[in-house]
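Enquirer: So that we are looking at the same thing, I have put the structure below in structure tokens.
The values are calculated or read from the model by the stated rules, or taken from the named source; none is laboratory data. Predicted model, so just to flag it, every value in this text is computed and none were measured. Every residue, glycine as well, gets a Cβ built from its backbone with ideal geometry; the counts of neighbours run over all protein chains shown.
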Amino acid sequence: MNESEKTLRSEQAAPGEEPGAPAPGAPRPGRAPEPSPDDGVPAAGEAGANGAAGTDSTDADALQGDVDQLVAVAQKRDEYLALAQRTQADFENYRKRVAREAAAAADRGTMALARELLPALDNLDRAIDHADEGDPLLEGVRLVRNELAAALARVGIESFSPVGEQFDPALHEAVATAPAPEEGPGSGAVLEVYQDGYRLGETVIRAARVVVAA
């Protein structure tokens with residue numbers, strides 16, 4: 001380039017600019033252009049914020065998943081607990097019912113045996129009532145009678161003789177009536193017992209056969 005061309009270019013430079021300086025807005029030699037927000041490229045701060053927001057969203061989703069899993073496990077636990085409680089209640093009811101049925105069956109067997117033995121006990125009582133006091137067998141009959149009565153008592157069977165009590169059709173069987181005495185129990189009272197009654201607890205095995213005051 002000759003001297004005249006350099007002078008021409010120096011005269012064409014904008015006032016206040018050094019000759020040979022790059023035009024405004026033009027990229028400087030050796031440096032990459034700065035990204036502009038209008039170019040669609042996020043700045044460094046925006047990229048960091050977006051990354052943090054993405055991480056927070058991922059953590060929240062994971063936490064929500066853990067909470068949902070815990071809720072499901074707790075619900076299953078409650079269901080199993082309720083099932084176990086129902087099963088335990090059913091078993092307790094079953095155990096009590098079986099115990100009641102077993103006790104009732106035992107009582108029925110005891111009463112059935114007692115009904116078979118009571119006539120023999122009645123015959124022993126009649127033999128004792130009609131025997132002479134000097135009879136050598138009387139003591140033996142009494143011993144047998146007492147042993148049989150004790151055996152019945154050991155299984156819960158007891159006798160009752162309601163002399164002087166008011167007649168109760170649930171406990172007594174009236175076989176005869178008699179005039180009420182002037183002194184003593186009034187009408188409807190038991191005057192005499194022909195045959196003792198027997199019961200097991202509150203259950204009457206045999207009603208007492210009695211004479212009732214008219």
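Enquirer: Could you tell me which of the residues Gly65, Gly45 is surrounded by fewer than 10 Cβ atoms within 10 Å (Cβ to Cβ) and either more than 30 Å from Gly201 (Cα to Cα) or modelled with pLDDT under 90 (or both)?
Expert: Checking each option against the conditions leaves just Gly45.
Enquirer: While we're looking at this one, here's another question. Among the listed residues Leu117, Leu83, which satisfies the condition of being touching a residue at least 24 places away in the same chain (Cβ under 8 Å), assigned to a helix (DSSP H, G or I) and of a type outside the set (Ser, Thr, Tyr)?
Expert: Leu117
Enquirer: Same structure, new question: Take the residues of the range 197-214 that are assigned to a loop (DSSP other than H, G, I, E, B) and out of contact with any Pro (no Cβ under 9 Å at 6 or more places or on another chain): which is surrounded by the most Cβ atoms within 10 Å (Cβ to Cβ)?
Expert: Gly201
Enquirer: If I ask for residues that are in a loop (DSSP other than H, G, I, E, B) and within 27 Å of Ala103 (Cβ to Cβ), which ones from the range 153-168 would you list?
Expert: Val155, Gly156, Asp168
Enquirer: Would you confirm whether any residue within the range 124-143 is touching a Phe, Trp or Tyr at 6+ places or on another chain (Cβ under 7 Å) and either among the polar types (S, T, N, Q) or closer than 20 Å to Ala208 by Cβ (or both)?
Expert: no
Enquirer: Could you go through the range 131-152 and let me know if any residue there is in contact (Cβ under 8 Å) with a residue 40 or more places away in the chain, assigned to a helix (DSSP H, G or I) and surrounded by 14 or more Cβ atoms within 10 Å (Cβ to Cβ).
Expert: Yes, there is a match, as at least one residue in the range 131-152 is in contact (Cβ under 8 Å) with a residue 40 or more places away in the chain, assigned to a helix (DSSP H, G or I) and surrounded by 14 or more Cβ atoms within 10 Å (Cβ to Cβ).
Enquirer: Condition (residue is within 49 Å of the chain's Cα centre (by Cα), free of Cβ contacts under 8 Å to residues at least 40 places away in the same chain, in a strand (DSSP E or B) and crowded, with 18+ Cβ neighbours inside 10 Å) applied to the range 183-193: is it met by at least one residue?
Expert: Checking the range 183-193: not a single residue is within 49 Å of the chain's Cα centre (by Cα), free of Cβ contacts under 8 Å to residues at least 40 places away in the same chain, in a strand (DSSP E or B) and crowded, with 18+ Cβ neighbours inside 10 Å.
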